[in-house]
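The values are calculated or read from the model by the stated rules, or taken from the named source; none is laboratory data. Keep in mind it's a predicted model, so treat the numbers as computed, not measured. As a convention, Cβ positions derive from the backbone with ideal geometry for all residues, glycine included, and neighbour counts pool all protein chains shown. Note: areas computed on protein heavy atoms with side chains; ligands, DNA, RNA excluded. Shrake-Rupley method; radii C 1.70, N 1.55, O 1.52, S 1.80 Å.
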Number of protein chains: 2
Amino acid sequence: MGKATINAAVYDAHGNPAEVLQVRTQPWPICAPDEVIVAIRAAPINPADLNQIEGKYPIRPVLPATPGFEGAGVVVETGREAGHVAEGTHVILPHNVGTWREVCAVKATDLVVVPSEIDLVQAAMIKINPLTAWRLLHDYVKMKPGDWVIQNAANSAAGRAVIQIARELGLNTVNIVRRAEVVEELRVQGGDVVLIDGEALRDNVKESTGGAPIRLGLNAVGGDSALRLMNCLAPGGTLVTYGAMSLQPLKVPNGLLIFKDLRFRGIWINKWYDDASPGERMEAFNQIFEMARRGLLKTNVEKAYLMSELKAAVEHAAQGKRDGKIILQFD
Amino acid sequence: MGKATINAAVYDAHGNPAEVLQVRTQPWPICAPDEVIVAIRAAPINPADLNQIEGKYPIRPVLPATPGFEGAGVVVETGREAGHVAEGTHVILPHNVGTWREVCAVKATDLVVVPSEIDLVQAAMIKINPLTAWRLLHDYVKMKPGDWVIQNAANSAAGRAVIQIARELGLNTVNIVRRAEVVEELRVQGGDVVLIDGEALRDNVKESTGGAPIRLGLNAVGGDSALRLMNCLAPGGTLVTYGAMSLQPLKVPNGLLIFKDLRFRGIWINKWYDDASPGERMEAFNQIFEMARRGLLKTNVEKAYLMSELKAAVEHAAQGKRDGKIILQFD
């Protein structure tokens, strides 16, 4: 490729992303024999990215660092041992390359090849939220068609993926949201029951489900919202935590553990990704791609920013009330 | 048997045990064909008994009721279809007969036969605490010799049973207590590490174990004590709650679920007992009896009371600082 340099987001110290991030020019990366060079097309700004820049993430990078756990692009150059990934192939990047840059070198075996008919902006947002939703519905409770699952933060990207994947699996969902405006939209996306959170939640859930036992709860909020989910679960049920929007810890009454036999787990999708074999990853991705081909699992984009608008992009991403993801788009 | 009547503890309404309990005379029970009559020799006063009298237990009995989840005695009469349990057999009673009475009728198939060389007072205290300890060490984390387990309330009857069973299984124990006076005693009973709870617990545990990973934590306290246990567990570890002495809920930081992959469970031993097959029960009891024969798993008795001293007995049992169980003894 002709260009001699690329642009990359970089921070030298942890802190407020809008203050510590800069765009710097870097040399075009060198392609090792087992690597390919990927021209990145899109990278979302996820909460975990902001946490890592702030220094609040459990893994701290060597500084200066380029953020970005997710992204997708096109292979533009291949090392001599990486010829099985042809130039022009669409790929999802692993979470350790720093995707907020125009171009990166990456080991060919760390890439996930994406069918070319899937939009690359959508592909850039598959590895965290739809994959988390997939694992949440597969790894914790053995579910069968007709079973119920309950989730809070149902209007989030992961929550919407849960609704659509649950539908594919024949599961029924109870979806808890905070705002009345999104109820109808989630119903249209396939949410069987959509309810507004509040003190009467347990009774409302019971009424809406006909008292069906709910053995799986998905929690991205914590605090009181998580407690209300616990009280909706059947004895022996499992609550899986994958986010903490309220920043409040879970409060678990002892009786729910001892007498109700509730079980509590958590998932860190990047850890799952690292521990999984390529075969295990592709088993999930292939089914997610198959849904994406049918127009499902589309993540809403609130706004796409260019690298030159980086500060505005991270400020927008840090705002609570959005109707979709903030993404960085390159080209 | 000659007597026409028996004495039984009875309460007509939930409330403070010392106020609502009375001793009443009842007719000698009638023995159905599949039942035996047991002359009860000893029944402990457990926290769960007091909770049920107070109306704070998840299952409420039909009133008036006789309390007592545990007890042991001697078969004195057998129904014609229960001849396989001979008169004179020592037995442990199930948890649904109300053991705070001199004599009861019980289905022969619900009894656990106890080897006659085991003291009946000790036998009366096996079905809750040693059995809980047994299940805690077998049902939640696959352990192998040399592995570590950590527990709070290590000086309780269940905690001491954990120490001794863990030793039999070749496991190492970290035992957390509140009082310095009991440290030496628990060491003598086989506790590998015995520490006093406090803010520095995590560092103290690390130093005492050489930083060995601890994948199983046993919690009978809740609240801050449970949180300190969580912080001592290795990634992927499990905290099992079986008691709630502090009356405080568990507070679980989201990061311990998401990033540290801690798992939270609870156990209700009476539920386990009901769900288990006779074979599953006896598999545990036989090994516990084998230990008891060697003088292990002895529960300290602080004081034995007669039925005529019932009020004093429950008042004593409700006191926090004791060196052993309060039991009711009959004869």
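Listing for the model above:
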{"quantity": "All positions within the range B:24-48 that are open to solvent by 50 Å² or more (accessible area, probe 1.4 Å) and in contact with a Leu (Cβ under 6 Å, 6 or more places away or on another chain)", "calculated": "B:R41"}
{"quantity": "Tally of residues being part of a helix (DSSP H, G or I) and open to solvent by 20 Å² or more (accessible area, probe 1.4 Å) across the range A:101-112", "calculated": "2"}
{"quantity": "Verdict on A:A212 being more than 8 Å from every other protein chain (Cβ to nearest Cβ), more than 30 Å from A:I59 (Cβ to Cβ), open to solvent by 10 Å² or more (accessible area, probe 1.4 Å) and free of Cβ contacts under 8 Å to residues at least 60 places away in the same chain", "calculated": "no"}
{"quantity": "Subset of the range B:113-140 [open to solvent by less than 20 Å² (accessible area, probe 1.4 Å) and assigned to a loop (DSSP other than H, G, I, E, B)]", "calculated": "B:I118, B:A124, B:M125, B:I126, B:K127"}
{"quantity": "Close pairs from the range A:73-84: first without any contact (Cβ under 8 Å) to a residue 12 or more places away in the chain, partner crowded, with 20+ Cβ neighbours inside 10 Å and β-branched (V, I, T), Cβ under 8 Å, at least 6 apart", "calculated": "none"}
{"quantity": "Filtered residues of the range B:76-96 (kept if aliphatic (A, V, I, L, M) and crowded, with 21+ Cβ neighbours inside 10 Å)", "calculated": "B:A82, B:V91, B:I92, B:L93"}
{"quantity": "Filter result for B:L218 (facing chain A (nearest Cβ under 8 Å) and either touching a residue at least 12 places away in the same chain (Cβ under 8 Å) or open to solvent by less than 50 Å² (accessible area, probe 1.4 Å) (or both))", "calculated": "no"}
{"quantity": "All positions within the range A:222-259 that are open to solvent by less than 10 Å² (accessible area, probe 1.4 Å), within 22 Å of A:G159 (Cα to Cα) and within 7 Å of chain B (Cβ to nearest Cβ)", "calculated": "A:G222, A:T241, A:L250"}
{"quantity": "Strands (runs of 3 or more DSSP E) contained in the range A:1-88 and holding at least 2 residues in contact with a Phe, Trp or Tyr (Cβ under 9 Å, 6 or more places away or on another chain) and more than 26 Å from A:G324 (Cα to Cα)", "calculated": "A:5-11"}
{"quantity": "Candidates B:V36, B:V75, B:V103, B:V97 - the one that is under 27 Å from A:I258 (Cβ atoms) and β-branched (V, I, T)", "calculated": "B:V97"}
{"quantity": "Any hit, the range B:304-323, residues being facing chain A (nearest Cβ under 8 Å), farther than 30 Å from B:A108 by Cβ and modelled with pLDDT of 95 or more", "calculated": "no"}
{"quantity": "Scan of the range A:289-331 for residues that are without any contact (Cβ under 8 Å) to a residue 12 or more places away in the chain and closer than 20 Å to A:K127 by Cα, ordered by number", "calculated": "A:E290, A:R294, A:G295"}
{"quantity": "Counted residues, the range B:116-148 - those being farther than 25 Å from B:Q329 by Cβ, of a type in the set (A, V, I, L, M) and in contact with a Lys or Arg (Cβ under 8 Å, 6 or more places away or on another chain)", "calculated": "2"}
{"quantity": "Filtered residue count, the range A:184-209, keeping only those that are surrounded by 15 or more Cβ atoms within 10 Å (Cβ to Cβ) and among the acidic types (D, E)", "calculated": "3"}
{"quantity": "Selection count, the range A:49-64, where residues are surrounded by fewer than 18 Cβ atoms within 10 Å (Cβ to Cβ) and among the aliphatic types (A, V, I, L, M)", "calculated": "3"}
